[in-house]
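Each remark here refers to the structure printed beneath this line.
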Amino acid sequence: MGQTLFEKIWDKHVVKTIDGGPSVFYIDTHFIHEVTSPQAFAGLNKRGIKVFRPQQVVATADHNVPTLNQHLPIKEELSRLQVEALKKNCAEHGIELYGLGHPFQGIVHVIGPELGITQPGMTIVCGDSHTSTHGAFGNIAFGIGTSEVEMVLATQCLMQSKPKLMRISIDGKLNKGVVSKDIVLYILSQITASGATGYAVEFAGSAIRSLSMEARMTICNMSIEMGARCGMIAPDEITFGYIKGRKFAPAGAEWDKKLAYWKTLYSDADAVFDKEINIKAEDIEPMITYGTNPGMGIGVSGHVPALNEVDEKEKPSFEKSLAYMGLQPGANIKGKKVDYVFIGSCTNSRIEDLRMVAGFVKGKHKADDVEVWIVPGSKQVEKQAIEEGIDKIFAAAGFILRQPGCSACLGMNEDKIPAGKYCISTSNRNFEGRQGPNARTFLASPLTAALAAITGEVGDIREYYSKSELVNN
Amino acid sequence: MSKQISIIRSTAVPLNMENVDTDQIIPARFLKATSREGFGKNLFRDWRYENDDETKPKRDFSLNKPAYRGSILVAAKNFGCGSSREHAAWAIKDGGFDVVVSSFFADIFKNNALNNFLLPVTVSEDFLQKLFAAIEQNPATEIEVNLPEQYISIVSSGEKESFDINNYKKTCLLNGYDDIDYLLSIKEEISNYEKEHVI
Ligand code: SF4
C-alpha cells in the first residue's frame, strides 16, 4: 500500500516510539516570538540548560509590536518587556533574531517562507497555532504551547501521537472574484470549526494546484480553524519556483539533491486517508463570516441562517453569537455597514494580497466614514510594496499603510477595533473580543475587504469588477 | 500547582457553551506576562465582568455564581479551540481547576492541558448532558474523576463512564513527570538520530 505525503514525512522524523504511547518526534525548524517564548526560556534557565540546537531556531518580534513609529521605543511597558526579554534570551542562547528594525522582521509565518527557511519535507513548529501556514510547502508544521516550546528548545523533540489523515480535494475552476480565502472559508462553513479536529489535512485537487504559493499559504493557514493538527499541500513546480533563489534556500549541488527528494513528496495513488472530502470549485462564491467562529460563514449574497435552520442543540451558542454581532437571524449580509477595514495578518498580508487590493482600489477612494488599516506581513513585503508604488495607490485611496506585525489580528498592541464597531478583516479569527473588547469581526478575502473599504459596506465583488481588473489567486 | 493527579472528588462548575475558544478563556491583552503565574485572575475575563470592570461581575455567568464551586470544570463541545496559547491552560489551572470535562477538545488545548497537569476528560455527549443536568439540579453534586481506573462518575447516582488517555500520559500525571524530563533523559538517542537525519 502506498503512503500519504504526511506519512512519508512523519516516518522520517520519528526518533523512537514508546510502547502504547506517543512518538519522540524530531523538529527541523523552530520559530519563536516574544509572546509564547519567555516562560520557556525561564524554564530552561531554571533547569540550568542551554538551547540544544540554536542554529535550528529563528526568532522575530511580531505579536505585540506597534505598527506605527517602530523606530521609537515601545510605549506599552509590558510589550516592551516581552520584546526585550526575547532579545536577551536570543543573545544568551545564540539564536538568530529578526527583531524590530531588522530588514527581515515580520509576522513569523510570513518571514519563514519569504526567506526560504520553510522548505518541503521538514517538520516545523512555533508557539502559534497558525504555524500550519508553512504546510503549503509540503511539510508537517503545527502550533505548540509554551511547555512544548521549552521541550523543543531543550531537545529539538516533542512527544507526538500520529493524527488521523484527511484529504480535502477541490476540483474545477474557480469563479471570477473567488480567491483562496474564499475557498478556505467555504470549507470551514461546510465542515465547521471542529470538522478536522484530530486530523492532519492534505489539500489537493486541480483548483489547489492552480494556486500561487501565497494563495496556498492562506488555505493552510486556516486549517487550524477547522481544528486540524496541520494542513499541507504536496510541493510542485510552483513550490520549487517560489523557493529557488531565496536567502536561505539551498543552492548549487545542494539544490539538485534537495529537489530530487522534494519531488518524492506526494501522496501515492493508492495511499489511504481516514476521511476524504470533495468540493467543486464552481460551488464557491465570495465568502464572509457572520458569527463568532470561523466556521460561521456564508456567501456574500446569502443570508444569516434563520432560527429554523439551526440545530436545536446549537441554538444557544448561535443566538449568543448573533447578539454579540448585533445581527438578526435570517438577515442579509450584503449592504451591512462597516466601520473598519483591516487588511493584514499571516493569512493575507503578503505582497500578492497587497497587489490584489491595490489592483482593485487604484483610482478609487475609500468611503468617508470607514477607517482602513493595511498592515504588511513583513519588512520585505513593505519594501516591495513601496518599490512597486502600491503605497502611493493606498495613500491616494485614503488608506494607511502601517508597519509589519500582527496588529489588529489579535489586538495585543494598540491596534484595536473599538467596542461595538464592525470590522471587515482579512485575518483568521472572528472570536468575541479578538480584535478588541466587544469588537465585531467579519472575516473575508482581501478583495471583499477592499470593496468594503470603497463602499463602506459588505458587497459582492462579482458585481464590481470588469473582466480583466482582477486576477484569481 | 499540584503536579500529581490521581483521584479527584469535587463539586463542579458548569459552562454550558459550545466552541469556547482560547480568546475567551484568556483574552490576548493579558498575555504580556513573562512568567506562568497569576493568569487565573483573568480567566474568562470578558464573560465575568461588565465592561472589563472587576467591581461589576456578570451575575448570570456560572463562574460568578456562588453556588458553583469545585476543581472540575464541565464544558460543552469543542472546548479550547483557537489559539495555541498555553496561557489558557495556565489560567484554568491557576483558577483552581484540576479537571476539565467536555465531549470534545481542541487538539492543541488538550496537549497544553496535559503538560500542565490539568486533566482533560472526554465523555460522550450523552454523559455530558447528564452531568450538566445533575449539576444544575443540585450544585452540591459531587463528581469523581478516577485516573488510575479511568472513569468519571456522578457520586450520588452512581452513573459512570470510562474515558481514554494514553498510557504514557497517564503515567506522567500519576507520577508528576513532565515530557521534558523524559526527553532530556534520552538526549543521547536524539543525538544519534541526528547523525542519520538530513534536514
Ligand atoms: S497575524 Fe494573527 S494569527 Fe498570525 S501569527 Fe499573528 S496573531 Fe497569530
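The range B:27-43 and the range B:135-199 have Cα centres lying 25 Å from one another.
Treating each Cα of the range A:120-241 as one equal point scatterer and applying the Debye formula with no solvent, the log10 of I(q)/I(0) at q = 0.10, 0.14, 0.23 Å⁻¹ comes out as -0.29, -0.56, -1.35.
Extension gain for A:LYS392-A:LYS50 works out to 118.4 nm (0.36 nm per residue, less the C-alpha to C-alpha distance).
Quick check on the protein assembly as shown: take the gyration tensor over C-alpha atoms, sort the square-rooted eigenvalues as a ≥ b ≥ c, and tell me if it's rounded (a/c under 1.5), prolate or oblate. Taking the square roots of the gyration eigenvalues as a ≥ b ≥ c, the protein assembly as shown is rounded. Averaging the sequence gap over all C-alpha pairs within less than 8 Å and six or more residues apart, then dividing by the number of residues, gives chain A a relative contact order of 18 percent.
When the trypsin sites (Lys or Arg not before Pro) in the range A:218-262 are filtered for DSSP coil states and for at most 11 other beta-carbon atoms within 10 Å of their beta-carbon, the remaining sites are A:LYS247.
Among DSSP beta bridges whose residues both lie in chain B, state the antiparallel percentage, nearest 5. Once the DSSP bridges in chain B are tallied, antiparallel ones form about 50 percent.
Here chain B is treated as a Stokes sphere of Kirkwood radius computed over C-alpha pairs; at 20 °C and 1.002 mPa s its diffusion coefficient rounds to 120 µm²/s. Partner lysines whose Cα lies under 25 Å from the Cα of B:LYS130, excluding those fewer than 8 positions away in the same chain, are identified as A:LYS313, A:LYS315, A:LYS320, B:LYS65, B:LYS77, B:LYS93, B:LYS110, B:LYS160.
Scaled to the compact-protein estimate 2.2 N^0.38 Å, what is the alpha-carbon radius of gyration of the range A:335-443, rounded to two decimal places?
Values: Rg = 13.1 Å, N = 109, 2.2 N^0.38 = 13.1 Å.
The reported ratio for this selection is 1.00.
Mean per-residue shielding of peptide A:148-157 is 6, counting Cβ atoms of other chains within 10 Å of each Cβ. Between amide H atoms placed 1.01 Å from N, distances below 5 Å from A:GLY405 occur with A:ILE107, all of them 5 or more places distant or on a separate chain. Give me log10 I(q)/I(0) at q = 0.14, 0.18 Å⁻¹ for the range B:96-198, Debye formula, one equal scatterer per alpha-carbon, no solvent. Summing over Cα pairs of the range B:96-198 leads to -0.64, -0.91. For the range A:52-173, taking Cα atoms only, Rg and Dmax work out to 16.3, 52 Å respectively.
Just want to confirm a number: the relative contact order over the range A:1-102, from Cα pairs under 8 angstrom separated by 6+ residues, in percent. Provide the component values of the computation, followed by the final result.
Numbers: 101 pairs, mean separation 27.9, N = 102.
Result for the range A:1-102 is 27 percent.
Every Cα-Cα pair in the range A:375-431 was counted, and those over 14 Å apart are 61% of them.
Mind pulling up the Rg/Rh value for the range A:50-108? Radius of gyration and Kirkwood radius, both on Cα. Write out the running numbers ahead of the final one.
Numbers: Rg = 11.7 Å, Rh = 12.0 Å.
Reported Rg/Rh (Cα atoms, Kirkwood Rh): 0.98.
Any idea what the relative contact order of the range B:85-199 is, in percent, if you count C-alpha pairs under 8 Å spaced at least 6 apart? It would help to have the intermediate numbers written out before the result.
Numbers: 106 pairs, mean separation 20.3, N = 115.
Worked out over the range B:85-199, it gives 18 percent.
What does the helix-only formula give at 222 nm for chain B: each DSSP H stretch with n ≥ 4 adding -39500 (n - 2.57), the total divided by the residues, and the result rounded to the nearest 500 deg cm²/dmol? Before the final figure, lay out the partial values.
Working: 8 runs with 64 residues, N = 199.
Helices in chain B give a 222 nm mean residue ellipticity of -8500 deg cm²/dmol.
Secondary-structure-derived ellipticity at 222 nm for chain A, considering helices only, amounts to -9000 deg cm²/dmol, per-run term -39500 (n - 2.57) for DSSP H runs with n ≥ 4.
None of the figures in this text is laboratory data; all of them are computed from the coordinates on show. Note that the structure is predicted; figures quoted are calculated from it, not measured. All Cβ positions, glycine included, derive from the backbone under ideal geometry; neighbour counts span all protein chains shown.
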